[in-house]
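Here is the structure we will look at.
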Amino acid sequence: MVKIYRLLLLPCLLLSVLAEAQDVHFSQYNMAPLYLNPAQAGAFYGTARIGGTFRDQWLFLPKDYVTRSFFVDAPIVRGLRKKWGDWVGVGFYFHGDRSGVAGLGQSAGGVINAAYHLALDKKGTQVLTLGGSYGTFQRSIKRDSLRFEDETSVLLGGGGLPSGADRTLINGLGGGSQGGNNRNQDVAQGQGYKSISVGLMYRVAINKTDKMEIGLAAHNLNRPLTGLFEPRGRNAQPVGGIDTRLPMRITLHGTYDRKITDKISISPSLLFQSLGSTTEIVPQFQAGYQWDSKIKFTGGLGYRAADAFILLGGARIQDLQVGASWDLTTSQLGLRGGFELAANYIIKLYKKPNVPPAVLCPRL
C-alpha cells in the first residue's frame, strides 16, 4: 500500500521538474522591455516610464494560464562623459505567472535593473548600452487542487493517507523547515532563488527615416537552484531529494523602423530565445499609420515557430502606447490561443525656462 501512494506522488515530483521549463513569454515582447533585456532600462526620452502586460494563455479554457507584469524605469543621471551625452538608467520589474489546475506559479519579488548608455558619437546617433539585473523569484503550487483517481481525497493535505504512508514528500511542499505543520495550507511555497542577468544593446539612427536596435541578453547567469521543495538546511538537499538548476536563458532581439512617407511606416522585428534544450523564434512585421500629429495606429502579424500565428494591433497617443495581440495556435485548439493587453506611458517633467523679460529702450 505504501508503494502505491509513493507512485501516486510521482506527478508531484514531475511538476517540480517541469517547473524548470516554466518561463514567462509575451507575444508583444517589445512592450516588456526590462524583461526582454536589462540594457533597456532608461532607453527612452523622458523623465520616467511605466507599463505592464496582462496575458491569458488559454482564454476559453476553464483553468487559469495567466501572466501579469509591471515595470517602471527612468534615466536618472548623466554618465561620465557629459559632453558626449552618456547617461545611466535604472528600473524595477515585477511579474506573476500561474498555470493549470494546480496553480503552478512563478513570481518575481522584484528585479532591479541598471544600464549605462554610452554614446558612440557626439550627435547621439549611435548608442551602446551595457545593463544588468538582480532579482528574487519564488515558485508555488496549490496543493489542495491536486486530485487523483479517488476524488474524495485530496492527496496533499486531505488527510486521506494511512498512518503507515511515507509523508516525506508531502511535508517537503510545506514551504519551510516545518513543512509537516503546513499540510493544510492551500499554497505551498517552493524554494526561492536569486537570478542575475546581463544584457548588451546597440541602437543607431541611420538617417532621418531609418533606425535600428539590436540586443543580446543572458538571463539566469548564475544558474540558481530551484524547485518546489524547501531544503532542510543551508547545504542540504531539498526534502524528497528533488532540486533542479535553472538553465541560462539567452535572448537575441532586434527591430528596424523605417518611415516610408509622412504617414506610413513599417517595423519588422525578431525575437530568438533559448532555454536549455528549448528555443523560441518569433518574427513580426507591423505597419503604422500617422493619423495626425498626436495619434498613430499600428497593426501587423507575427509567427511563433511551430506554435502560433499572432495578430497585432495598437496605437500611440502622444506619450501613451497601447497594444493588443491574439495567438492563433497551429494545434487542434485552433483559435483558442493567448490573448494579451499591454501599455506603457512615458512621463515628461521638464522645467520651463526662466527667460528674463527683455526691456526695449528706443533710441531717441
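The residue of region 274-303 that is nearest to Ile260 (Cα to Cα), among those that are surrounded by fewer than 18 Cβ atoms within 10 Å (Cβ to Cβ) and in contact (Cβ under 8 Å) with a residue 60 or more places away in the chain, is Thr278.
For region 245-291, the candidate set comprises residues that are closer than 18 Å to Asn220 by Cα and basic (Lys, Arg); within that set, the residue that is nearest to the chain's Cα centre (by Cα) is Arg249. Which members of region 302-311 meet the condition of being at pLDDT 95 or above, closer than 11 Å to Val282 by Cβ and among the aliphatic types (A, V, I, L, M)? Listed by number, the list holds a single entry, Ile310.
Being surrounded by 15 or more Cβ atoms within 10 Å (Cβ to Cβ), part of a strand (DSSP E or B) and among the hydroxyl-bearing types (Ser, Thr, Tyr) is the requirement here; does Tyr256 meet it?
So Tyr256 fits the description; yes.
Selection of first residues in region 113-131 that are over 13 Å from Ala217 (Cα atoms) and of second residues that are not in a strand (DSSP E or B), restricted to Cβ pairs under 6 Å at least 6 apart or on distinct chains, gives the following pairs, ordered by first then second residue: Leu118/Asp86; Ala119/Trp84; Ala119/Gly85; Ala119/Asp86; Lys122/Trp84; Gly124/Gly85; Gln126/Leu120; Leu128/Leu120. Taken together, the residues in region 321-342 that are of a type outside the set (S, T, N, Q), within 20 Å of the chain's Cα centre (by Cα) and assigned to a strand (DSSP E or B) amount to 9.
The values are calculated or read from the model by the stated rules, or taken from the named source; none is laboratory data. Everything quoted here is computed from the prediction, not taken from an experiment. We place every Cβ from the backbone using ideal geometry, glycine too, and count neighbours over all the protein chains shown.
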